[in-house]
Amino acid sequence: MTRLVLNCEGTDLVSHALFDDIVMIGRAPSNNIVIDHSTVSEQHALLLRVGASFWLKDLNSTNGTQINDVLVTDAELKDGDKIRLGSVVAVFAGCCRRGWSSRATRKFWTTISV
């Protein structure tokens, strides 16, 4: 099962199973994964299942998103990737089930606006 494991500065680890093809991450209560931390934007990032993998897209967050200490706007995630959302650290873990087609994914990335 694919998971995103969060570590919010000294608190216990929180694991989120990634069942949906689209997962919104941010401080606002309307997100699928809510991170109540001042360095996380209300709508910080998005995870999108593409075939057998997940992609992460930063949603123009104030403090940015990093994967393995590299600032990114979007990138494919690999098992064990360290994701930093503001100052909150998460680890991407696990295998994925089949999701959207590549064509549907390209259309989604080119039309999304937040």
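Couple of notes before you dig in:
- The loop-placed chymotrypsin sites (Phe, Trp or Tyr not before Pro) in segment 14-75, going by DSSP, that have at most 14 neighbouring Cβ atoms within 10 Å of their Cβ come out as Phe19.
- Relative protection proxy for 69-78, 56-65, from highest mean packing down: 56-65, 69-78 (other beta-carbon atoms within 10 angstrom).
- Ligands, DNA and RNA are left out, and with a 1.4 angstrom probe the accessible area of segment 1-63 is 49 Å² per residue.
- Across segment 24-42, the residues whose backbone nitrogen lies under 14 Å from the label position 7 Å along the beta-carbon direction of Asn60 are 42.
- On the basis of the beta-carbon distance and an R0 of 30 Å, Ser53 and Ser30 show a calculated FRET efficiency of 0.75.
The values are calculated or read from the model by the stated rules, or taken from the named source; none is laboratory data. Note that this is a predicted model, so its numbers are computed, not measured. Neighbour counts run over all protein chains shown; Cβ positions are idealised from the backbone, glycine included. Each accessible area value is taken on the protein alone, full model and side chains, heavy atoms only, with ligands, DNA and RNA left out. Shrake-Rupley method; radii C 1.70, N 1.55, O 1.52, S 1.80 Å.
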